[in-house]
Each structure stands twice: as C-alpha cells, then as structure tokens.
Amino acid sequence: MRNWKELLVSPSTSIIETMKNIDQTAAQIALVVDDDFRLLGTVTDGDIRRGILRGISLDDQVSKVMNKNPITMKKGASKQAIKRMFQEKKLRQLPILNKNNQVVDVIFSDVLFDSASFDNWVVLMAGGLGTRLRPLTEHIPKPMLTVGTKPILQTILESFIEHGFHQFYFSVNYKREIIKEYFSNGLEWGVNIQYLDEDQRLGTAGALSLFTEKPTKPIIVMNGDILTKVNFQQLLQFHEENDSVATMCVREYQHQVPYGVVRTEGTRLCSIEEKPIERYFVNAGIYVLNPEVLELIPKNTYFDMPSLFELLISLKKKTNVFPIREYWLDIGKTPDFEKANLEFSEVFG
C-alpha cells in the first residue's frame, strides 16, 4: 500500500528532486502543497516531460511545471462516484481533499480496480538484418545477441512485463526460427506472444499491416535493438493525456560545433560564438499508435515509422513527442554493443 504523504512536495522543490520522488514512489504523481497541506497543484511524469520540451531546466522550481487545476474530489464522495470519475477522465490517481482543500488521501486506479494489467498490444520489431553489427549477426538475429546475461529481446520483453503488459507481437524476418524457438508462445514468461512473419522486409511500420485482427486500444511499437528504462505505463498515460493519435519517443542529441560560429546580418559581423553546443530531439524508436492509424499503412510495401508520422502530419492528425529522460541505448554498431555490455549490470542488474 502506498503512503500518499510521501507524494507531497513544496512549490520550491526542484523539478529534478520531484522527478526522483515520482520515480521512487512509483505513484506517477507528486502533490504540491503549502505549509498547511493545502493542494496547490499536481505534477505527473507527463508534466515534467512537457516542461523539458519547453526548455525548462530540471533545476527550476516544480511550481513552473505543476498543473494548477488538477481533478480532485471531496472527502466523503461515494466509491461509485470515484470510479465514474476515474473512467470518464481516464485517471491514474485522484487526490481527495477536505473542505479546506487540504489533502487527506490519494486514490490510485490499480488499487481501486484491483488491476495493474494492460491489455494494450506491444509490437517488438525483431526482423532487421543487423548489417552494421556483422560478423556478430551472421548466424543470429541482432535482437538475440546476448547483452549482460540474456538476449536483448528478452530484456525488452521483461521490461514490458514488469510494467503490466502481457499481449505481445514479435515482427520477425531474418533467422526468425531462432526467435520463435527461444520465446515460443510466451508461456515461460506468463504472457501471450504471437508473430508477424515478414516474407519480405516491410519496415518498422509496414509490418503492422500483417495483423489479422484490429486492436481496440493504442498499441506500443518498439525496435528490438533498444535497451531502455522507460516507464511504459507513463508513456501510455502521456499518449492518452495528450489525446494523441500517434506518439513518438524522442531523445535529446547534443552536437558541439568544433569552430567559432559567426552570426551575420548581410556583410556585418554581429557575434562570434566559440564552439557552441547544438541540441536536437531525435527519433528514439518507440511509438504509441491508435488503432485507426493502422488503416493508413499500405500492405505488402516497405514503410517506415518516419513516413507514417509524416503522413499523419500532412493529414493534420494530432501527433506528439514523448521525451525520454531515462536510460536509452540504440545498439546499432559494435561500439554500442560493447557499451551495452559494460553498462548492463549497473542499469538492469
């Protein structure tokens, strides 16, 4: 049972300290209160990630990213009314206040509905050739390379299981029989695994055209060569909170220009910035898609995720990005593979 008092922070608490509190309590929320425990606002993982996208520093006060008008209920509300509020607003947590707006309790959806399980499908893309990792991948598909003590794909699978997911599809092509023999139907892990067999390479989006039935909830799609500590519950919640049809996980990438950058207006020299660091958000290979998005994917055609998102943008569909602040490593080349093995026990041990 969670102790809701551990979720309380003051408005002057830094964002990074609040973030640590959210992660340590596993409650996915912090409550910002004054000295008399009156609720000033709430902070979720999604609020912090949206602040990161706006350029807010993690050293700033949490009051800069808190939701000042959170959904709450008054003490004494019936269980039926509380359940209805959770279902209508798709809540994960609900602060309960007394008549003085002081926090007296916090109700959590997994406790209220006695479930922490998610029926959303998870699709792991495991059909790539792994060309850049040869000769390591000459006789084994890249997702089956051992990092630490187990195949990369097993670490990914177990991360999703830890967060309550149990319905999986593996998209397979290159040396697929190795993956199928190892994981079978998922019974050993207590989950259901099915396979999308690519007889030709279809890309990270094209493989989704192989579904024989349509999902009823948003699906998570992830490349099978990524190691990460992303909280997939938080990702799904972020997708739903932002009313997205598609969400792309992104990672900040920094590049230092090795020269002094000159700023000009016409022929006039305005300034010189010595070796500036440029920052970008790059595609992190993890996505959430609503079921209707699958109808846009052509059949029997190579089609990658960036092309799908470009199509959605051109159709003016609501797409969002989810900035990853946790550990993330794309095992694309041999140095990445070596780095993953060096860091595995510390990150996943």
Next on the checklist: Please determine whether any residue of the stretch 209-226 is in the same structural domain as ALA340 (by TED's automatic domain parsing), free of Cβ contacts under 8 Å to residues at least 60 places away in the same chain, in contact with a Lys or Arg (Cβ under 8 Å, 6 or more places away or on another chain) and under 16 Å from PHE303 (Cβ atoms).
Outcome noted: no
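Tell me, which helices (runs of 4 or more DSSP H) lie completely within the stretch 6-119 with 3 or more residues that are at pLDDT 90 or above?
Hits in the stretch 6-119: 15-25, 45-53.
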Checklist entry - Only one residue in VAL191, VAL230, VAL221 is of a type outside the set (Gly, Ala, Ser) and in contact with a His (Cβ under 6 Å, 6 or more places away or on another chain), so which one is that? => result VAL191
Item to check | Scan of the stretch 289-307 for residues that are in a helix (DSSP H, G or I) and either closer than 15 Å to CYS249 by Cα or among the polar types (S, T, N, Q) (or both), ordered by number | outcome: MET305, PRO306, SER307
Checklist entry - Conditions: (1) touching a residue at least 40 places away in the same chain (Cβ under 8 Å); (2) within 21 Å of LEU236 (Cβ to Cβ). LEU202 meets all but one. Number of the miss? => result (2)
Checklist entry - Going through the stretch 213-250 one residue at a time, which ones are of a type in the set (A, V, I, L, M, F, W, C) and not in a helix (DSSP H, G or I)? => result ILE219, ILE220, VAL221, MET222, ILE226, LEU227, VAL230, VAL245, ALA246, MET248, CYS249, VAL250
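Residue by residue, here is whether (1) surrounded by fewer than 21 Cβ atoms within 10 Å (Cβ to Cβ); (2) at pLDDT 90 or above holds:
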residue: LEU124; (1), (2): no, yes
residue: GLY128; (1), (2): no, no
residue: ARG134; (1), (2): yes, no
residue: ILE140; (1), (2): yes, yes
residue: LYS150; (1), (2): yes, yes
residue: GLU158; (1), (2): yes, yes
residue: PHE168; (1), (2): no, yes
residue: VAL172; (1), (2): no, yes
Item to check | Complete set of residues in the stretch 322-342 that are within 15 Å of GLY285 (Cβ to Cβ) and among the β-branched types (Val, Ile, Thr) | outcome: ILE324, ILE331
Checklist entry - All but one of (1) without any contact (Cβ under 8 Å) to a residue 60 or more places away in the chain; (2) within 29 Å of GLU88 (Cβ to Cβ); (3) basic (Lys, Arg); (4) surrounded by fewer than 15 Cβ atoms within 10 Å (Cβ to Cβ) hold for ARG38; which doesn't? => result (1)
Item to check | Unique match (being in the same structural domain as GLN93 (by TED's automatic domain parsing), surrounded by 13 or more Cβ atoms within 10 Å (Cβ to Cβ) and touching a Leu at 6+ places or on another chain (Cβ under 8 Å)) among VAL65, VAL33 | outcome: VAL33
Checklist entry - From GLU273, GLU310, GLU326, GLU278, which residue is farther than 23 Å from GLN28 by Cβ and either part of a loop (DSSP other than H, G, I, E, B) or at pLDDT 95 or above (or both)? => result GLU310
Checklist entry - Do any helices (runs of 4 or more DSSP H) lying entirely in the stretch 150-212 carry at least 1 residues that are charged (D, E, K, R) and under 25 Å from the mean Cα position of the chain (by Cα), and which ones are they? => result 152-162
Item to check | From the options PRO335, PRO258, residue that is without any contact (Cβ under 8 Å) to a residue 40 or more places away in the chain, loosely packed, with under 13 Cβ neighbours inside 10 Å and part of a loop (DSSP other than H, G, I, E, B) | outcome: PRO258
Next on the checklist: Cβ-Cβ under 7 Å, sequence separation 6+ or interchain: first residue in the stretch 118-135 and in the same structural domain as ALA284 (by TED's automatic domain parsing) and more than 30 Å from ARG92 (Cβ to Cβ), partner surrounded by fewer than 24 Cβ atoms within 10 Å (Cβ to Cβ) and acidic (Asp, Glu). Which pairs?
Outcome noted: GLY127/GLU198
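The values are calculated or read from the model by the stated rules, or taken from the named source; none is laboratory data. This one's a predicted model, so the numbers in the text were calculated from it and none came from an experiment. Every residue, glycine as well, gets a Cβ built from its backbone with ideal geometry; the counts of neighbours run over all protein chains shown.
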